[in-house]
Amino acid sequence: FSRQGYEDPHWQYPAAGYGKGYPYQSHQWQTVAWQDDRDLRQEEPYGKSYRDQHYYRGYHPNLATGPPGQDRTQTYNSYKESYSSTARREGTGEGTLGSDSGEAGQPSLLLQYHESGLSSSSHELSQYIRDGADHYDSVLPGSWNVGQTGPSVSTPTPAVPLKFPQLHTALCFGAGGHLVLVCPHHPAEGQLPCVELHSLEVILHGTEELKELQAFPGPLAREDLHKVDVMKFCQQKIATGCDLSTQRGRDSSLLWKLLVLFCRQNGSMVGSDTAELLMQDCRRQDKYKRQDPVANVMGLTDDEWASRQPGTLDLITGEVPPVVETQAQIVEKFTKLLYYGRKKDALVWAMRNQLWGHALFLSSKMDPRTYSWVLTGFTSTLATNDPLQTLFQLMSGRIPQAALSCGDAAWGDWRPHLAVMLSNKVGDTELNHRAIITMGDTLASKGAVEAAHFCYLMADTPFGYFGAKADRMALLGSSHRQAFSQFARTEAIQRMEIFEYCQQLRQPESFLLPFQVVYKLLYASRLADHGLPAQALQYCEHISTVLLRQDPAAHPVLAQQVVRVS
């Protein structure tokens, strides 16, 4: 606040007079404590006593009230009586008002308290402490006498205390992407105020946040946008924003590639397209080791299994089979066993020598139990993480083990398992859907958010809200189970807008309300904060258009916020 009109520094502070003219009337009911304090310091100068009284008032609340039963009238009379006796002593020379010459080595307690760094509020300090020399003049005016004091003396009203103790620069964010600075100045000295306008876009030039916002071709709903621009942006994100040496970087790259495929095919695709994308993204083709059939799976004891090993005497033919047999010899032995009607031995021989076609065909013509036994023996030869296991388990009407165990380093890559499930739809579509959702849940539980969201998209899982933690997705590629500031990243909002754009290529009236409610408005605010108000206004116009097509009355808070940001 300006102090113009109070050139004399003495007029800027309360006068030393007491009584009705003193503006701070709260002193009138505190004089009991002052009286006791005054009796202990009869020989101290008046000015020091006056300042120390304010010190005790400000920093000793227990001295601010009188004894019980004393009303304000009694306090005021006691106060006047104390003041009159003080004035008489000073008139006789017992003290000098405002003299600091006799206490050069003993500064007031308030000054000591201020200099120690433990000052009170800026209000009291601005009233009593400014520059030391202007508080109390050591030389009294020649026209002053004790008789001038008293109730009849009128003191001018002091200036309003300063809001801030020292000059500083005021700062605020203005409209149009500007930063407004009000430089410090002294109006009383004739200095003109200086206001500076800075462009936020210029100030933030070169920062990663501004580069990320400027590179995005949004809003994607504008008419002059071609989908090639969107595809180029996704490919640029793959090249610059994904670390392919890490699992998460590869998953993020896969999600961007899926958006490119969505955009190229106008938001529609089939399972084989996605399977091809998954297999292209695999770093290497894992070699799944085949295993020998387990003896107990085929219902044989250890002795029976040993009797059927190469190099042992064949009790049927009376011959010792060679250790190494050709394919023709294996088939001939299978045929000989059937000559003698030993079907079970023939099945065991075929299974042990990988003649699974012969074994499965023979068992299918016998009984269902034998066929299931041979089929179990065949699947036991496959590695646990072999995609064939996933396919056979799915075709058998079960949730594949890969959907429950993927994401572990020992299990291997999850992509081939999802590819085989997408390319080979079983008759039970509900089972296929549950298997893919289960795989996504397993990946999400292990922190692979991008991979999990890829699975959810393949299962047509709807998007939810940030506050609904039971929902599987809120923003594409970002977990809504973390803090909102980490969840609503700029990259995640941009990726979500591209997905919405791809959906609208197939269905123009597509409307993702959770995304429109919060995240596009939030993105528009970020554009304005970074000095890009024109793009921010385009987003607000787009949201308004969508709301008008729907029902603005159904979303009053959203409509109000859109108007406010606009």
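The values are calculated or read from the model by the stated rules, or taken from the named source; none is laboratory data. Since the model is a prediction, treat every value here as computed from it, not as a measurement. All Cβ positions, even for glycine, are placed from backbone atoms using ideal geometry, and neighbour counts span all protein chains on display. The accessibility values were calculated without ligands, DNA or RNA, using every heavy atom of the protein model including side chains. Shrake-Rupley method; radii C 1.70, N 1.55, O 1.52, S 1.80 Å.
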Cα extents of segment 441-566 along the three principal axes, largest first (Å): 42, 32, 24
Segments 545-555, 464-474, 163-173, 497-507 sorted - mean Cβ within 10 Å per residue, highest first: 497-507, 464-474, 545-555, 163-173
Calculated FRET efficiency for the pair W411/V270, C-beta based, R₀ 22 Å, to 0.05: 0.20
Principal axis dimensions, largest first and in whole angstrom, of segment 451-491 by Cα: 28, 21, 12
Local net charge near S363, Cβ-Cβ under 11 Å (Lys/Arg +1, Asp/Glu -1): +3
Stretch gain in nm, segment E325-L244, where the contour uses 0.36 nm per residue and the Cα spacing is subtracted: 24.5 nm
Cα centroid of segment 366-394 to Cα centroid of segment 421-481, whole Å: 28 Å
Sites H198 and A554, calculated FRET efficiency, Cβ-Cβ separation with R0 35 Å, nearest 0.05: 0.30
Cα pair distances in segment 355-401, grouped into 5 Å bins until the bin that holds the longest one, percent each: 5, 22, 27, 23, 17, 6, 0
Quarter of Cα convex hull surface for segment 319-452, i.e. mean projection, nm²: 10.5 nm²
Restraint check, K237/K446; K365/K425; K227/K425; K344/K365, Cα-Cα greater than 19 Å: K237/K446; K365/K425; K227/K425
Cβ-Cβ FRET estimate between R481 and T169, R0 fixed at 45 Å, reported to 0.05: 0.60
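Out of the trypsin sites (Lys or Arg not before Pro) in segment 397-452, which ones are loop residues according to DSSP with at most 14 other C-beta atoms within 10 Å?
In loop regions of segment 397-452 (DSSP not H, G, I, E or B), the sparsely surrounded trypsin sites (Lys or Arg not before Pro) are R398, K425, K446.
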Ranked order, M395, M458, M279 - accessible area, probe 1.4 Å, largest first: M395, M279, M458
Calculated Rg and Dmax of segment 152-252 using C-alpha coordinates, Å: 26.1, 89
